[in-house]
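*Asks:* Before anything else, here's the structure in question.
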Amino acid sequence: MSAEGAQIVVCPQGPLILRGDFEILDAEGEAVPTSRETVALCRCGSSAIKPFCDGTHKLKKFEMPRD
Amino acid sequence: MELPEDRGRISESLFEVLRTYDPDVDLSGLEHEAFKVLDSEDILHSEDIQIVLFVLYELHYRGFDGIDARWEWNPPLLGLRAKIEEQFEARLRQIAGDPSFSLGSAQDTARQLFALASADDGPSVSTYISRHATVEQAREFLMHKSIYQLKEADPHSWAIPRLTGRGKSALMEIQFDEYGAGRPGAMHSELFETTMRGLGLDSEFGAYIESLPAITLASVNMMSFFGLHRRLRGSIAGHLAIYEMTSSIPNARYARGFRRLGFDSPVTDYFDEHVEADAVHEQIAGRDLAGGLIEQDPSIAEAVFFGAQAACAIDALVGAHQLEAWGRGRSSLRQPKVKVEA
Ligand SMILES: [Fe+2]
Ligand SMILES: [Fe+2]
């Protein structure tokens with residue numbers, strides 16, 4: 001991982017893993033609370049806890065445009 | 001915890017021996033007896049042998065009240081454990097089947113592990129808990145889980161000093177989260193204590209040991225076996241990967257089931273936390289931990305996939321045991337009579 005800033009890992013058929021120094025804001029600019037330092041962001045659209053991943057992509061056979 | 005009750009002639013003799021420390025204890029007769037027991041019993045379902053293994057492993061974790069701590073490294077005792085472990089490993093390899101994998105990048109490893117985790121689509125405990133379980137069955141479910149969840153993550157921590165590089169960083173990132181990221185009271189084991197107390201259960205480690213059948217003990221003994229052997233560091237990594245990959249979706253179902261039964265936060269916090277946490281952990285465990293280890297040293301792949309396949313196989317047996325009992329309207333516990341204050 002780079003020394004500063006944040007890192008995003010694109011997981012094939014899965015979420016974006018986000019670690020490092022980041023802040024997640026909703027559409028109103030409010031901070032989305034999270035208790036963990038590394039999060040998984042939903043990319044398939046089916047998570048019940050968006051913006052976070054809840055593993056549902058594994059049931060939906062979600063395919064990405066490209067890996 | 002207290003030394004548990006014995007469950008047969010091996011545990012009876014051994015637990016008697018453990019009460020008085022003897023550095024030169026002769027256990028050769030007991031070893032011979034244990035082999036005789038295993039001639040006629042499946043080690044995975046042998047109450048006598050699994051409680052013995054549990055006790056021998058527990059000496060390396062927190063020990064037992066009034067039992068001399070020096071037993072942990074007593075050579076005759078370690079010798080007995082090694083003999084039993086040979087049989088345990090052989091049986092685990094049997095139910096796991098030959099490790100099946102192809103070597104590739106870390107992502108290739110993750111993809112194969114995800115496929116393995118999703119291949120098991122038999123009837124699941126999580127679906128049952130979500131839709132049908134009674135409060136009594138929910139309590140039983142927590143009792144089974146408690147023998148691991150009250151020391152959650154500990155068996156995998158044995159691997160930390162045995163790894164280097166990317167795999168080690170990945171394991172640390174997961175474990176840091178499991179242990180509550182340094183926040184007192186936030187360890188996953190502590191969230192589980194809250195869940196247990198919410199259902200009127202005793203959250204002391206080992207409180208329900210007498211009620212747990214051999215197969216439940218075998219599942220946690222397997223983790224200790226993998227964790228305590230450097231030779232099998234790949235297997236404890238493979239186990240963790242499968243454990244994380246089969247967690248988010250079942251935990252969402254557990255949360256639904258416990259809410260259906262009228263419980264809510266903080267009782268459901270353990271499950272809710274795992275929906276979010278393990279969606280992160282499964283990615284790290286599959287790609288960076290298991291995949292990272294194999295990328296660093298391809299010869300470890302066999303151990304990784306043995307651990308992963310054994311994890312799937314044991315989990316299926318533990319689940320089948322509970323579902324079968326509940327399907328017949330019976331308790332899944334070893335002794336159906338358990339005092340519970342609701
Ligand atoms: Fe956890
Ligand atoms: Fe986890």
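The values are calculated or read from the model by the stated rules, or taken from the named source; none is laboratory data. As the structure is a prediction and not an experimental result, all values here were calculated from the model. Neighbour counts run over all protein chains shown; Cβ positions are idealised from the backbone, glycine included.
For every residue, the table says whether it meets (1) within 16 Å of ligand 2 (Cβ to nearest atom); (2) closer than 23 Å to B:Ile95 by Cβ; (3) basic (Lys, Arg).
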residue	(1), (2), (3)
B:Ala279	yes, no, no
B:Ile284	yes, no, no
B:Arg287	yes, no, yes
B:Ala290	yes, yes, no
B:Gln296	no, no, no
B:Glu302	no, yes, no
B:Phe305	no, yes, no
B:Ala310	no, yes, no
B:Ile314	no, yes, no
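*Asks:* Can you name every residue in the stretch A:25-62 that is among the small types (Gly, Ala, Ser) and within 11 Å of chain B (Cβ to nearest Cβ)?
*Replies:* Scanning the stretch A:25-62 gives A:Ser35, A:Ala40, A:Ser47, A:Ala48, A:Gly55.
*Asks:* Okay, moving on. Tell me which helices (runs of 4 or more DSSP H) are completely within the stretch B:121-196 and hold 2 or more residues being closer than 20 Å to B:Met222 by Cβ, out of contact with any strand residue (DSSP E or B) (no Cβ under 7 Å at 6 or more places or on another chain) and within 16 Å of ligand 1 (Cβ to nearest atom), or say none if there are none.
*Replies:* In the stretch B:121-196, B:135-149, B:154-157, B:165-178 are the helices (runs of 4 or more DSSP H) which contain 2 or more residues that are closer than 20 Å to B:Met222 by Cβ, out of contact with any strand residue (DSSP E or B) (no Cβ under 7 Å at 6 or more places or on another chain) and within 16 Å of ligand 1 (Cβ to nearest atom).
*Asks:* Output the residue which, of all residues in the stretch B:5-47 that are within 18 Å of the chain's Cα centre (by Cα) and buried (at least 18 other Cβ atoms within 10 Å of the Cβ), is nearest to B:Ala82 (Cα to Cα).
*Replies:* Of everything passing the filter in the stretch B:5-47, B:Ile43 is nearest to B:Ala82 (Cα to Cα).
*Asks:* Under the condition of being of a type in the set (S, T, N, Q) and within 30 Å of B:Glu2 (Cβ to Cβ), which residue from the stretch B:108-156 is surrounded by the most Cβ atoms within 10 Å (Cβ to Cβ)?
*Replies:* Of everything passing the filter in the stretch B:108-156, B:Ser146 is surrounded by the most Cβ atoms within 10 Å (Cβ to Cβ).
*Asks:* Being within 11 Å of chain B (Cβ to nearest Cβ) and assigned to a loop (DSSP other than H, G, I, E, B) is the filter here, so list the residues in the stretch A:8-24 that pass it.
*Replies:* If the condition is that a residue be within 11 Å of chain B (Cβ to nearest Cβ) and assigned to a loop (DSSP other than H, G, I, E, B), then A:Cys11, A:Pro12, A:Gln13, A:Gly14, A:Pro15 are the ones that fit.
*Asks:* If you take the residues of the stretch B:157-167 that are away from chain A (no Cβ under 14 Å) and more than 19 Å from the chain's Cα centre (by Cα), which of them is surrounded by the most Cβ atoms within 10 Å (Cβ to Cβ)?
*Replies:* The residue in question is B:Gly167.
*Asks:* Which residues, taken from the stretch B:203-237, are over 18 Å from B:Ser146 (Cα atoms) and within 15 Å of ligand 2 (Cβ to nearest atom)?
*Replies:* Selection gives B:Ile236, B:Ala237.
*Asks:* Here's a follow-up. Which of the residues belonging to the stretch A:1-55 are among the hydroxyl-bearing types (Ser, Thr, Tyr) and either modelled with pLDDT of 95 or more or touching a helix residue (DSSP H, G or I) at 6+ places or on another chain (Cβ under 6 Å) (or both)?
*Replies:* Correct list: A:Thr38, A:Ser46, A:Ser47.
*Asks:* How many residues does the stretch B:236-252 contain that are within 10 Å of ligand 1 (Cβ to nearest atom) and within 18 Å of B:Val267 (Cα to Cα)?
*Replies:* Number of matching residues: 2.
*Asks:* Examine the stretch B:209-230 for a residue that is under 19 Å from the mean Cα position of the chain (by Cα), crowded, with 23+ Cβ neighbours inside 10 Å, in contact (Cβ under 8 Å) with a residue 60 or more places away in the chain and under 19 Å from B:Val280 (Cβ atoms), and state whether such a residue exists.
*Replies:* No, the conditions are met nowhere in the stretch B:209-230.
*Asks:* Consider B:Ala181 against the criteria (1) away from ligand 2 (no atom under 16 Å from the Cβ); (2) small (Gly, Ala, Ser); (3) without any contact (Cβ under 8 Å) to a residue 40 or more places away in the chain; (4) exposed (fewer than 15 other Cβ atoms within 10 Å of the Cβ): it satisfies all of them except one. Which criterion is unmet?
*Replies:* (1)
*Asks:* Can I ask one more? Name the residues in the stretch A:37-50 that are assigned to a loop (DSSP other than H, G, I, E, B) and either surrounded by fewer than 17 Cβ atoms within 10 Å (Cβ to Cβ) or among the hydrophobic types (A, V, I, L, M, F, W, C) (or both), would you?
*Replies:* Within the stretch A:37-50, A:Glu37, A:Cys42, A:Cys44, A:Gly45, A:Ser46, A:Ala48, A:Ile49, A:Lys50 meet the criteria.
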